[in-house]
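This report refers to the structure that appears directly beneath it.
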Amino acid sequence: MSATRAAAALVDTRHEYEHLFSIYVPIAIGGFAVIVLAIAYCLLRYRRRPPELAARWHENNRLEGGYALVLAGVVAFLLYLTFTAEHRVDTVSARERPSVTVDVTGSKWEWTFRYRDYGVTRRSGTIGRQLLVVPTGHAVRFNLSTADVIHAFWVPEVRFKRDLIPGATQSVTLVFPDAGTFQGQCAEFCGLRHADMMFSVRAVAPAAFAAWARSGGKAPI
Amino acid sequence: MSATTTAAAPGTRARPGGWVGAATSTDHKRIGLNLGLSSLAFFLLGGVFALLMRSQIAQPNEHFVSDNTYNQLFTMHGSTMIYLFVTPMAIALAIYLVPLQLGATGMSAPRLTLTGFWVWLSGGLIMESSWLTADGAGRAGWFSYTPLSNGTNTPGVGQDLWVMGVLLAAIGMWVMGACVVATIARRRAPGMSLLRMPVFTWTELASMLMVVGAFPALILVMALLFIDRHGGRIFTGFNGTIDYQDLFWFFGHPVVYVMFFPYLGAAAEAIAVGSHKRWFGYTAFVASIMLFAALSVSVWAHHMFVTGGVTNQYFAFTSTALIVPAGIEYFDAIATMVRGSLVLRASMLFAITFFVQFLIGGLTGVFVASPVLDYHVNNSYFVIAHFHYTLFAGSVFGFFAGVYHWFPKVTGALLRERLGKLQLAIMIVGTNMTFFPMFFLGEDGMPRRISRYPTHLGWGTLNLIESVGAGIIALGVLTFLINVFVSLHRRVPSGPDPWLGHTLEWATPSPPPPLNFETSLPPIRSYAPLLDLRQREAEGARS
């Protein structure tokens, strides 16, 4: 693998998610606060008055039209952010040349990770509970397929999942910026022991990964 | 059975009384009540399933029920709530109230409506009967994706009964929805033009149009799934798998709004009447509800962002655009209260709570409409929190606003206000304890539909809080049942119009007589004819 590929240039799905989330959250909280304060004001200001005092004001289409335009502006802003991020997550990342390729197969109820370049195969099932090992800071291509029903490959650490649909292999490219052990699991209900379809991801420095892979997955990590 | 049905045909023989009469009556009020009470029974059943599930996952590594039972519980919880409670209850409200609000003497095609009710009920009973089979109830989730739900991966009679139950329930609801649309088209009183229909009736019209347009997709997909399960090989390969999801969600997203609009309409009526002001921005509201309905049939694939089989940007666009009509509705609700005279009865408080809590579901809906955010939270507890804030914290609170508002009309007796407010307080606490922590669990990586989770992930505390909250919700529902029991046994008569209502159902005795109205209707010059009358009288007194 090439050590020259800088991590910063790669699409970091976690970063894209966190960035978008950090804009959506204040907008949502702001919208919630405005509406709740308006309702609270009405409840305090207009309660327990004699019915005759109720105003007959019941329409202002120009005001509502202007308000709808403001909402449309919010929609346009959110879509701009989302489409920009989605372009990077879906399109730009797919163009990256991967340093490692892992063929991921979901089956009831375990994961098989095959490193075709190194002849290494790992299984997440009850026997062994083998880890998915990846290098940090490099593009990792996952070819996702299923042996039976729909499963979904989800690694919460990188804020990304993709379904494994029968009849086709789909590819996604992910980057793991930080070293560590992360939880992963099937996110599409797949029958009796769906809850057991968990796995662990171990992200290690590229040199350690290379040593591990060259040993045929036998070296300790 | 067929003999009694013949006897019930109008004009041939005297109607049978008692149970047979109640079960075969073609009076829209009786059909609506039968459908509503059956749906309420299914609500209690679905609630029991939820409590059993919450008991199993209250703590890590529990063994309260087996994995297989848990899978049946969440499948039947979702199926019961959606196919047998929230959707049919929306139709029940329409069947009971829409003819009254239109000033009509009855429904169009009442016998067809009655047939629809019995087909739906048969479907519901068939679906629940799957519990009695050796392999257990339906257990592939309420949307039963193929290939998991096919004959190879989920064999057995239980899942077959589930498919047939959904199929029949959908046919019954489609028939009833079509009858409501026909009633709105043909049975409006003189003067009741479309743009003078009450707000609630408009929300029902939008909903029933979606039933008519979208439910055939569910009927089709269940029929195909049944054939597929018995060797038909229909949903095969990548495209077959995606086709099932497209067909299912073409029903499945519009139904989300069928489960929302009528309760929005109920809350709107409660707020307008409780503010002594007509609903604000009627024209904009009607336009927005129709825009909402139109958009709702073009957003379905936001359920499929992570499949890699749909055009994510298109569905992100239509889904995010829902902000506009939803925002109009909130504007109208608030502007209705502005400069009104608010009386904070239980119905009004439930309606306001509906708007506040639904808002959490609506705003997080904007999150899951973004593919990049959905890639993480899809199928996690974040989504469970989101749609329970819309369906439970929203629609069910709107439903109770409607119950407190219309119970006197249906029974002639008032519900106890204090018990109503107690129920509201209990349910607000229980609802938010149950569903708010789910946002954090989902963000933290907890997938939906897992029957167990390990200790080391640290999800035990929040799950325990949620399970306690579910128990508190059950106490709230119990308070409601006690309120109904007390109010019916020690009746406080309501009279025809206890709240100074705005719409025609308040211009007739409670409960309304067989042909709805005994005297001639007041003039209909707007969507609030009774308020018009009172305002004209006040002007007359002043001059």
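Quick note: the coordinates plus some simple rules give every number you see, no bench work behind them. Note that the structure is predicted; figures quoted are calculated from it, not measured. No Cβ is skipped: glycine too gets one built from the backbone with ideal geometry, and neighbour counts run over all protein chains shown.
Please tell me the relative contact order of chain B in percent, rounded to the nearest whole number, where contacts are Cα pairs under 8 Å and at least six residues apart.
Answer for chain B is 16 percent.
Nearest 5 percent is fine: what portion of the DSSP beta bridges confined to the protein assembly as shown is antiparallel?
70 percent
Going by Cα centres, region B:278-353 and region A:199-221 are how many Å apart?
After rounding, the separation between the Cα centres reads 51 Å.
Using Cα pairs closer than 8 Å and at least 6 residues apart in sequence, work out the relative contact order for region A:96-165, in percent.
33 percent
Is the C-alpha gyration tensor of region B:489-543 telling us rounded, prolate or oblate? Criteria: a/c under 1.5 is rounded; beyond that, a/b larger than b/c is prolate, otherwise oblate.
oblate
Taking chain A on its own, what percent of its Cα-Cα pair distances exceed 25 Å?
Tail of P(r) above 25 Å: 54 percent of Cα pairs.
What nm distance separates the two modelled labels at B:S55 and A:R214, each placed 7 Å from Cα along Cα→Cβ?
In this crude spin-label approximation the distance works out to 5.9 nm.
Give me B:R139, A:R88, A:R56, B:R449 ranked fewest to most by other Cβ atoms within 10 Å of their Cβ, as a rough exposure proxy.
Ordered by Cβ neighbours within 10 Å, fewest first: A:R56, A:R88, B:R449, B:R139.
Binning at 10 Å from 0, report for region B:393-475 what percent of all alpha-carbon pair distances ends up in each bin.
Reading the bins upward from 0: 16, 37, 24, 14, 8, 1.
For region A:81-105 and region A:153-198, compute the distance between their C-alpha centroids and round to whole Å.
So the two Cα centres are separated by 15 Å.
Which three semi-axes in whole Å describe the equivalent ellipsoid of region B:449-527, each the square root of 5 times a Cα gyration tensor eigenvalue, listed largest first?
The three semi-axes for region B:449-527 are 48, 18, 11 Å.
Within 13 Å, Cβ to Cβ, of B:Q56, how many net charges do the neighbouring residues add up to if Lys/Arg are +1 and Asp/Glu are -1?
0
If each of B:R525 and A:W57 carries a label point 7 Å out from its Cα toward its Cβ, how far apart are those two points in nm?
A separation of 2.3 nm, rounded to one decimal place.
Using a 10 angstrom cutoff on alpha carbons, build the Gaussian network for chain A and name the most mobile of A:W109, A:W57, A:W154.
A:W57
Run the dipole for chain B about the Cα centre, Lys and Arg Cβ at +1, Asp and Glu Cβ at -1, nothing else charged, and hand back the magnitude in debye, nearest 20.
1460 debye
Summing -39500 (n - 2.57) over the DSSP H runs of n ≥ 4 in the protein assembly as shown and dividing by its residue number, what mean residue ellipticity at 222 nm do you reach, to the nearest 500 deg cm²/dmol?
After summing the helix terms and dividing by the residues of the protein assembly as shown, the value is -19000 deg cm²/dmol.
Using the structure shown, select from A:K108/A:K161; B:K29/B:K421; B:K277/B:K409 the pairs with a Cα to Cα distance greater than 25 angstrom.
Correct reply: B:K29/B:K421.
Which whole number in µm²/s is D for the protein assembly as shown by Stokes-Einstein, with the Kirkwood Rh taken over Cα pairs at 25 °C and 0.890 mPa s?
The estimated diffusion coefficient comes to 89 µm²/s.
Could you tell me the center-to-center distance, by alpha carbons, between region B:446-475 and region B:172-200 in angstrom?
Cα centroid to Cα centroid, the span is 44 Å.
Expressed in nm², what is the orientationally averaged projection area of the convex hull enclosing the Cα positions of chain B?
The directionally averaged projection comes out at 25.4 nm².
With a cut-off of 8 Å between alpha carbons and a minimum separation of six or more residues, what is the relative contact order of chain A in percent?
Contact order relative to length: 21 percent.
Charges on Cβ only, +1 for Lys and Arg, -1 for Asp and Glu, centred on the Cα centroid of region A:1-136; of A:Q130, A:L81, A:Y24, which one is farthest towards the dipole's positive end?
Looking along the dipole axis, the top candidate is A:Q130.
Testing the spin-label approximation: label points 7 Å from Cα along Cα→Cβ at B:H230 and A:D117. State their distance in nm.
In this crude label model, B:H230 to A:D117 measures out at 5.3 nm.
Set Lys and Arg Cβ to +1 and Asp and Glu Cβ to -1, take the dipole of chain B about its Cα centre, and tell me which of B:L148, B:S288, B:G18 lies farthest positive.
B:G18
How long are the three semi-axes of the equivalent ellipsoid for region B:154-250, computed from the Cα gyration tensor as the root of 5 times each eigenvalue, in whole Å, largest first?
With the √(5λ) rule applied to region B:154-250, the semi-axes are 36, 14, 9 Å.
Can you give me the span-like helices of chain A, meaning DSSP H runs with 27 Å or more of Cα extent along the axis and Kyte-Doolittle mean at or above 1.0?
Answer set is A:13-45, A:61-86.
Kyte-Doolittle cut-off 0.5, length cut-off 27 Å along the helix's own axis using Cα: show which whole DSSP H helices in chain B pass.
Span-like helices, by this rule, are B:28-56, B:110-129, B:157-186, B:199-227, B:346-368, B:417-443, B:460-489.
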